[in-house]
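Trainee: One structure, pasted below without further comment.
Quick note: the coordinates plus some simple rules give every number you see, no bench work behind them. These figures come from a predicted structure and were not determined experimentally. Ideal geometry is used to build each Cβ from the backbone, glycine not excepted, and the neighbour counts take in all protein chains shown.
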Amino acid sequence: MRTFVPRIFLIIFLMLSAGCASTTPEGASLVAGSAPKWADKSVRIIEDGERILFVGLATEAAEEGEVENLARRNSAEILAGYLDRDGFSVAGAAWSEGSWIPLTLVDKSGNNEIEIRDFVQIDSYTECENVLGKRIYKVFVLMAVPKAEIERLQGSRTEEMENAK
């Protein structure tokens, strides 16, 4: 009887954690059971050759796709901060639904917009755990913008500031 009780707990644990495994897309640099190096909460902006990478992160008890959209929005906010456009956020819901190019950021007033022509997702990493029968997803997305696009956007910011004087 003693061995029966621990088996029941094991079965219940396995049932609660079923369907909630870490996932990664094709071509990811995942080594059996470990997160990719870029999925580190302390590093959010990475210079990589001819592009700048932005790591978005979201943690929610929701559907995995919804959490991934929140992580994409987070990466866009990091991009806005990098461009000295704090207070800008993603315009419209269409971008969240998979149409990422172009990405339009708009300020709080709705009067100023910037359009990022080449902001693409190149990787994602998902962790999931069950807490009291609820799935909690932690999603990291790795988004990229070519340095040439960053320079174009920074140039338009400089023009705006000069025109405001």
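Trainee: When the dipole is taken about the Cα centre of region 48-155, and only Lys, Arg (+1) and Asp, Glu (-1) are charged at their Cβ, what size is it in debye, to the nearest 20?
Mentor: Working: 11 positive and 20 negative charges, 19 e Å.
It comes to approximately 100 debye.
Trainee: Can you put Lys41, Lys147 in order of Cβ neighbours within 10 angstrom, beginning with the fewest?
Mentor: Details: Lys41 9, Lys147 13.
By the 10 Å Cβ count, ascending: Lys41, Lys147.
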